[in-house]
Amino acid sequence: MRAALLHGPGDLRVEDVADPVGEVLVTIEAATTCATDAKCLRYGHLILGPYPARFGHETVGVREDTGERVLVGDSVPCGTCRACAAGRTQLCEQMTWVLGGFAQRIAAPGRALHRVPDGLDAAGAAMAEPLAAAVHAVARAGDAAQRPGARAAVLGGGTMGLMLARLLVLAGCEVTLADRHAERREQARVLGAHAVARLEPAGHELVMEAVGRPAAWRTAVEAAAPGATVVLVGGCPSGSDVTLPAAPLHYDELDVRGAFHHTPAEVDAALALLAAGAVDWHVLAGPTIGLHDLHDALLRPSAGEARKLVVDPHR
Ligand SMILES: [Zn+2]
Ligand SMILES: [Zn+2]
């Protein structure tokens with residue numbers, strides 16, 4: 001079979017390799033790309049196995065044993081560590097990562113597989129992985145996301161920010177998304193949010209940050225009204241330090257929370273939202289490419305609309 005293999009930072013090769021070995025073989029229909037894949041290619045990543053490493057973690061295909069269409073979840077929590085025992089499986093201390101969506105086949109533990117609802121396209125189903133992280137982040141916002149009419153802000157109009165905005169619209173919030181790209185503001189409007197270039201300071205009961213830069217984390221705190229909740233969704237570059245204004249954290253009793261990854265149940269919830277059309281994945285889908293186009297596509301600087309590429313490994 002053909003697979004995209006990382007041989008080191010910046011070194012991606014499309015090669016013929018033996019079929020992978022594992023519990024369940026899945027013939028891949030589509031795998032979508034995200035910023036994590038670009039990071040894996042540019043710098044390497046701690047979730048990658050030893051080189052040469054397979055990657056791609058938003059993967060949908062057909063089980064070879066049963067013929068069922070499945071989303072191949074990118075992680076399987078151990079179920080027994082302290083985090084898992086506490087019900088926070090996204091923080092599992094011994095997570096098994098299941099990577100390798102940029103290939104014609106993948107082998108996965110049965111527990112990683114989620115049935116794709118009938119009628120949902122492979123490209124749309126693959127987006128259940130990042131959407132599950134958005135579902136998780138909104139859950140981390142707690143009550144703040146469940147007050148109809150609450151003024152909610154999303155900082156950053158990448159695909160994650162757009163997904164967060166849509167989920168908050170569904171929750172009944174008054175959502176404003178901030179991004180400097182007019183094209184992304186237009187996408188946010190299509191999803192039911194207001195869109196601006198810059199957030200008003202101190203004006204939002206809920207702020208969700210989806211940029212992943214220290215300056216944006218600060219902007220998120222500055223945009224929070226007294227008593228607000230701030231959820232930090234975008235991962236900053238490793239080793240980053242963040243400076244935040246002390247006064248609103250203390251006098252305005254801001255709740256500042258991180259959000260990372262998702263649970264298996266949140267993946268199923270995301271699949272259901274996509275299948276029901278509650279989150280229109282077409283707004284977030286870009287062109288379909290083959291494995292040979294992947295290198296250049298991942299390194300291309302992002303501008304304009306925020307869209308995920310759809311990799312068809314058989315073209
Ligand atoms: Zn991703
Ligand atoms: Zn665990």
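The values are calculated or read from the model by the stated rules, or taken from the named source; none is laboratory data. Predicted, not measured: the structure shown is a model, and the values here were computed from it. Note that each Cβ is placed from the backbone with ideal geometry, even for glycine, and that neighbours are counted across all protein chains shown. Protein only, heavy atoms only, side chains kept; ligands, DNA and RNA dropped before computing areas. Shrake-Rupley method; radii C 1.70, N 1.55, O 1.52, S 1.80 Å.
When the strands (runs of 3 or more DSSP E) confined to the range 4-91 are screened for residues that are in contact with a helix residue (DSSP H, G or I) (Cβ under 8 Å, 6 or more places away or on another chain), those reaching at least 3 such residues are found at 24-32, 59-63, 69-72. For the range 11-55, a residue qualifies if it is under 29 Å from Gly158 (Cα atoms), open to solvent by 10 Å² or more (accessible area, probe 1.4 Å), without any contact (Cβ under 8 Å) to a residue 60 or more places away in the chain and not charged (D, E, K, R), and the qualifying residues are Thr36, Tyr43, Gly44, His45, Leu46, Ile47, Leu48, Gly49. Where residues in the range 105-135 are within 16 Å of ligand 2 (Cβ to nearest atom) and not basic (Lys, Arg), which of them is least open to solvent (accessible area, probe 1.4 Å)? Top of the filtered list is Ala112. Note on the range 283-315: residues that are open to solvent by 20 Å² or more (accessible area, probe 1.4 Å) and either part of a helix (DSSP H, G or I) or farther than 19 Å from Gly124 by Cα (or both) amount to 9. Residues of the range 216-249 being open to solvent by 30 Å² or more (accessible area, probe 1.4 Å) and in a strand (DSSP E or B), which ones? Hits for the range 216-249 are Pro226, Gly227.
Pro148 falls short on exactly one of the conditions (1) touching a residue at least 24 places away in the same chain (Cβ under 8 Å); (2) within 28 Å of Cys40 (Cα to Cα); (3) exposed (fewer than 15 other Cβ atoms within 10 Å of the Cβ), and that condition is (2).
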